[in-house]
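First comes the structure, then the notes that go with it.
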Amino acid sequence: MINISFPDGSIRQFEKGTNALDIAKSISEGLARKVLAAKVNGKVTDASRPIDQDASLVLLTWDDAEGKETFWHSSAHLMAEALEAIYPGIKFGYGPPVDNGFYYDVDLGGREISQDDLKKIESKISELAAKNSPYLRTEISKEAALNYFTEKGDEYKVETIHELNDGEITFYRQGNFTDLCRGPHIPHTGFIKAVKLMNIAGAYWKGDEKNKQLTRIYGITFPKQKELDEYLQLLEEAKKRDHRKIGKELEIFVFDDDVGPGLPLWLPNGGAIIEQLENLAKKTEEEAGYYRVKSPHIAKESMYLTSGHLPYYAESMFPPMEMDGTKYYLKAMNCPHHHKIFSATPKSYKDLPLRLAEYGTCYRYEQSGELFGIMRVRSMNMNDAHIYCTEEQFESEFQAVNEMYLKYFKIFGIDKYVMRFSTHDPAKRGQKYLDMPELWMKTEDMVRNVLIRSKIPYIEVPDEAAFYGPKIDVQIWSVIGREFTLATNQVDFGQPKRFGLTFKNKNNQDEMPLVIHRAPLGTHERFIGFLIEHYGGNFPVWLAPRQVSLLPISDRHLDYAKRLEALFRKQRIRVELDDRSEKIGRKIRDAEMKKIPYMLVLGDKEEQESKVSVRKHGEGDKGQQTIEAFMEQVKNESAID
RNA sequence: GCCGAUGUAGCUCAGCUGGCCAGAGCUACUGAUUUGUAAUCAGUGGGUCGGGGGUUCGAAUCCCUCCAUCGGCUCCA
């Protein structure tokens, strides 16, 4: 007998060699019907694998992330079986589960597959699923595995097997399909009740653009049809919040063919949002002891040779323009300009830390396929600043920057985020990374300390640091599930060296400062794109492009409305007047559609008593208020911090 | 940059098995209406059917090419 311990702390005895499925049955048949896989001693395995010794056991169902993962992995195999049935001779690359479903990369051997074919494949999958074929695991020698796929003519699998060690190779078979796979898998195909193939895309073999491009088919499956319907419904909802759709509807930004791809034009509504964000950033930075600077959009080639951006990053920059025999580049980053500002006047330790901030406009030649709405563009306004400090000051400066991030997150109600802390690989110093071992170790330790001390959720990713120092990228998720890097916070000991930045220390000796690059609000482009989806276009009063819409009942109330308009403008309340000869219902509808926070209905009653009838967007009639009380309220709600 | 899809009025879309002057709703403009909490009525205007080339007696519709956008891949100092 062996002892099995469960997540609730209980321990029960079972026969040696029992499996998770049998254990589940001993608890209840209902549970057994739901078990997709098992976690034995922390490792996810097939529910049918025998357990030979004392172990902790978690039964994984659809409710567990690992359960879903296994379910989708098995679904990928099932799709592969369906594909092979329809397209004989097809070859397979990788077919893993992903966040929402799974994909399989396939080589169709010159055949084409279109959106219409997906329906056909879906039917085949459902048909195969209904057979309740078990997923069978076999351990196989490397030689036998190679023979199998060589005979089948699948060079991708052969290549993969070559990279594996003998003794760790397993095959899984369900129905007529056998795949190289380490598993685990769900008990049988019958669990897969609903299937939807989402789209087709090209994907390079092993993610290398030098390799052949395979066809990637994305799909998602569920144990119940209802769950698929709900998922599709969710996608529809997400579409409604898409910043590209709302950005157009609310007239926030546009792209124009004559201006160029990735070069957004901010319409007045977008301009108003930008104004508020900059006000917030400037106030926050001023309070934190930053100085504002301003630098040109272009610079000579020589500066980018000094910084080291040329020639390595020339591809990401717009091609140079030539003047009097000298090349000039549009700036792709602000740091070199700021370094020149630092070195413009002699510095002593008394000047540090020196914090230089600028909403700098940068231009990057992103590959055409990379452009995405306003989130990934070629001209962007960065909430940039560079902090020059001593090693002693580094940790507290870094901490202060992190606190600024947290302050912003609170203001915007961003509660889902993670910081990716990228560190270097000591073995690659001198090649991929600057050969400054002491600074690497010191700064990485300090950054880690700050993260731990601030209790900020972070993940450490080795070997992903910048060439010149460790960095933190802030990942956030928009409400529609879009994940992206909002901001970056980097340590730099490369550029200070290249630019020969120094300050006089207490002993009157030249010392090199450390530089922290930081951009908590990222770029206007990406951040506003995020905010549009975050708020679904319903901006809080302080950010709303138009805060108040004046809606006179009839033309005879126009004078009163105009008086209010002038009064509000003077108070810097962003107001608009609807002076059309429309009925009030129409004016309200249009203002609601524009998502303007406050609508003021103005008629005889209001004019006589110098009042306004307040209607709030999405909430309806709020009753009357005096002009003063209303203005006071809007101003309070518009105050930043 | 690569694979695939899409591109018709300011917006949303119909027309696309090739064949009368390319349509609708909303918007805009003009007029009437003077209105009390989510669409007043009438009239008018508005389109190189993404650009270019080709096939054809005839192209929004078929073919080629370029551009842009979208879904991915790759990339994001």
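The values are calculated or read from the model by the stated rules, or taken from the named source; none is laboratory data. Note that the structure is a prediction, hence the values are computed from the model and not measured. Methodologically, a virtual Cβ is constructed for each residue, glycine included, from the backbone with ideal geometry; neighbour enumeration extends over all protein chains shown. Keep in mind that these areas ignore ligands, DNA and RNA; they rest on the heavy atoms of the full protein, side chains included. Shrake-Rupley method; radii C 1.70, N 1.55, O 1.52, S 1.80 Å.
Is segment A:273-408 rounded, prolate or oblate when judged by the Cα gyration tensor, a ≥ b ≥ c being the square roots of its eigenvalues, rounded requiring a/c under 1.5 and prolate requiring a/b larger than b/c? Oblate is the answer for segment A:273-408, as a/c is 1.5 or above yet b/c matches or exceeds a/b. Applying 0.36 nm per residue to the separation of residue A:554 and residue A:182 and subtracting their alpha-carbon distance, the gain on full extension is 126.5 nm. Need one word for segment A:548-638: rounded, prolate or oblate. Basis is the Cα gyration tensor (sqrt eigenvalues a ≥ b ≥ c); a/c below 1.5 gives rounded, then a/b vs b/c decides. Here segment A:548-638 falls in the rounded category. The charge dipole of segment A:351-497, taken about the Cα centre with unit charges on the Cβ atoms of Lys, Arg (+1) and Asp, Glu (-1), comes to about 480 debye, rounded to the nearest 20. Other residues whose C-beta falls under 13 angstrom from the C-beta of residue A:625 contribute a net charge of 0, scoring Lys and Arg +1 and Asp and Glu -1. Label reach from residue A:628 (point 7 Å along Cα→C-beta): in segment A:551-591, amide nitrogens under 17 Å belong to A:564, A:567-568, A:571. The residue list A:478, A:557, A:454 was ranked by how far each Cα lies along the charge dipole of chain A toward its positive end, using unit charges on Cβ atoms, and A:557 comes out on top. If you plug the beta carbon distance of residue A:162 and residue A:27 into 1/(1 + (r/R0)^6) with R0 = 56 Å, you get a FRET efficiency near 0.80. The alpha-carbon atoms of chain A define a convex hull whose volume equals 237 cubic angstrom per residue. Distance from the C-alpha centroid of segment A:64-94 to that of segment A:433-477: 38 Å, rounded to the whole angstrom. Accessible surface of segment A:66-238, 1.4 Å probe: 47 percent of it comes from carbon and sulfur atoms.
At R0 = 30 Å, how high is the FRET efficiency between residue A:43 and residue A:418 if r is their beta carbon distance? Nearest 0.05 is fine.
0.75
Here's the picture: charge each Lys and Arg Cβ at +1 and each Asp and Glu Cβ at -1 in chain A, and of A:36, A:184, A:246 the one pushed furthest to the positive end of that dipole is A:246. Remark: segment A:472-530 carries 33 Å² of accessible area per residue (probe radius 1.4 Å; ligands, DNA and RNA excluded). Packing, taken as the mean count of other beta carbons within 10 Å per residue, orders the peptides A:180-186, A:273-279, A:81-87 from highest to lowest as A:180-186, A:81-87, A:273-279. Note down the nm distance, to one decimal, between modelled labels 7 Å out along Cα→Cβ at residue A:467 and at residue A:114. So the two model labels end up 4.7 nm from each other. State whether segment A:2-61 is rounded, prolate or oblate according to the following rule on the C-alpha gyration tensor (a ≥ b ≥ c being the square roots of its eigenvalues): a/c under 1.5 gives rounded; otherwise a/b larger than b/c gives prolate, and the remaining case gives oblate. Rounded, since a/c falls under 1.5.
Along the axis of the charge dipole computed for chain A (Cβ charges of +1 for Lys and Arg, -1 for Asp and Glu, origin at the Cα centre), the listed residues A:359, A:21, A:231 are led at the positive end by A:359. Where the centroid of each part is defined by its Cα atoms, how far is segment A:577-631 from segment A:346-364 in Å? What the calculation gives is 46 Å, centre to centre. About its Cα centre, the dipole of chain A is roughly 1040 debye, where the only charges are +1 on Lys and Arg Cβ and -1 on Asp and Glu Cβ.
Over segment A:253-535, what percent of the accessible surface lies on carbon and sulfur atoms, probe 1.4 Å? C and S atoms contribute 51 percent here. Each of the peptides A:59-67, A:426-434 was scored by the mean count of other Cβ atoms within 10 Å over its residues; in descending order, highest first, they stand as A:59-67, A:426-434.
What separates the Cα centres of segment A:247-290 and segment A:145-223 is a distance of 45 Å.
Every helix of 4 or more DSSP H residues in chain A counts as -39500 (n - 2.57), and over all residues that averages to -11000 deg cm²/dmol at 222 nm.
Less than 20 Å from a label point 7 Å out along the Cα-to-Cβ axis of residue A:619: which backbone N atoms in segment A:570-594 qualify, by residue? Inside the label zone: A:573-576, A:588-594. With a Förster radius of 56 Å applied to the beta-carbon distance between residue A:278 and residue A:87, the computed FRET efficiency rounds to 0.50.
Placing +1 on the Cβ of every Lys and Arg and -1 on the Cβ of every Asp and Glu, with no other charges, gives segment A:548-638 a dipole of roughly 280 debye about its Cα centre.
For the peptides A:216-224, A:294-302, residues were scored by their other Cβ atoms within 10 Å and the scores averaged per peptide; the highest-first order is A:216-224, A:294-302.
The relative contact order of chain A, computed from alpha carbon pairs under 8 Å that lie at least 6 residues apart in sequence, is 8 percent. Based on Cα contacts under 8 Å between residues 6+ apart, segment A:548-638 shows a relative contact order of 28 percent.
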